[in-house]
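Colleague: Sharing a structure here in structure tokens format.
All of the numbers you see were taken from the coordinates with simple rules; none came from a lab. Computed from a predicted model, the values in this text were never measured in an experiment. Glycine also receives a Cβ, built like all others from the backbone with ideal geometry; neighbour counts cover every protein chain displayed.
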Amino acid sequence: MQKALCLMYGESRQYVYSDRYIIVGDQLDFGHIRFTSIMKLTNFQAIYIAQTPEPSPLTIPQQGKEGVNLLGASWVPFWQTIVWLVFWVFIINYVNKNFSQQISSLFSALIARIQDGSPIKFGNFVELDGPPAIKNQQVSTATSEGVNGINVSENLHEKVLNYQKNSTGICESIYLIHLAEVIVPSTPEKPGLYRVKIWLEAYSEDDFNECDRVTYRLHDSFKNQIIATESPQNQFELWLNVWGEFTVIAYVERKNQEALWLTRYLDLPGRPPG
């Protein structure tokens, strides 16, 4: 039997003992002892334990590979994205489940109203109502004076019809405006039907008051291709029922100045046309 056992307690060695055994280990790792030796206490007459002046606390080694922390700061954008996706999927499903029938009914009622020729307001400015003959689709053209406008002399008719030979210069102070609405929507098989209002405007009241008469030249497909109006109180308006886009030509006669040639391309809702 050995007489004595001297043990050093410090940074590199740790001890676990009971009434019969003492376990010497280089490190303790979560209760697991590495590189240990076991000695029976009964093999020694005496046991001495010496402690280093400043023993270091036991350092528990880190795992070789850290686990993935799904709640860490680096995962915050990912979880935010997931939450937003779930939120919008819920909103879309809720709206589709509870309001799809109401939305469909609203659009159906709006289309039916347009097809019936009901007027449409654009803010507080223009209401596309139109003369009865235009609303009932009995004619393709109309002014404030009627479906044929006012009488046009043969000379003026020829002049406006062949405007390319007579038009000169450019005017920016007087111009044409138009609005259009869908009467019958277009389909892949056939074009739609549109109601169009054309009228004259000017930068100043003096410029507008100088205008005396407007003669319009329409597309070659119109039976009444030349139509004129002398209605400044209605801004020399012209109403059309059309199925396609084209450029309208306007010959504007003025009281004390040379006549003007104006053009306006009539683009339609839902363009390009089907």
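Colleague: R0 = 35 Å: FRET efficiency of V95 with N148, Cβ-based, nearest 0.05? Please report the intermediate quantities before stating the final value.
Modeller: Values: r = 52 Å, r/R0 = 1.48.
Calculated value: 0.10.
Colleague: OK, next. Quote the FRET efficiency, to the nearest 0.05, computed for D212 versus R271 with a Förster distance R0 of 30 Å and r equal to the Cβ-Cβ distance. Write out the running numbers ahead of the final one.
Modeller: Details: r = 34 Å, r/R0 = 1.12.
Approximately 0.35, to the nearest 0.05.
Colleague: To continue, here is another question. Identify the GluC sites (Glu not before Pro) of region 191-274 meeting these criteria: DSSP loop state and at most 13 other C-beta atoms within 10 Å of the C-beta.
Modeller: Details: sites: E201, E205, E210, E230, E237, E245, E253, E258; in loops: E210, E230, E237, E245, E258.
Of the GluC sites (Glu not before Pro), the ones in loops of region 191-274 whose Cβ has at most 13 other Cβ atoms within 10 Å are E258.
Colleague: Sticking with this structure for a sec: Return the long-range amide H neighbours of L266 (sequence gap of 5 or more, or a different chain), with a cut-off of under 5 Å between placed amide H atoms.
Modeller: Amide H neighbours of L266: F246, T247, V248.
Colleague: Related question: Rank these for me by crowding, V83, V160, going from fewest to most other beta carbons within 10 Å. Working shown, then result.
Modeller: Values: V83 10, V160 22.
By the 10 Å Cβ count, ascending, the order reads V83, V160.
Colleague: For L238, L156, L85, L218, which order do you get if you count the other beta carbons within 10 Å of each Cβ and list the fewest first?
Modeller: Working: L238 27, L156 16, L85 10, L218 22.
Lowest count first: L85, L156, L218, L238.
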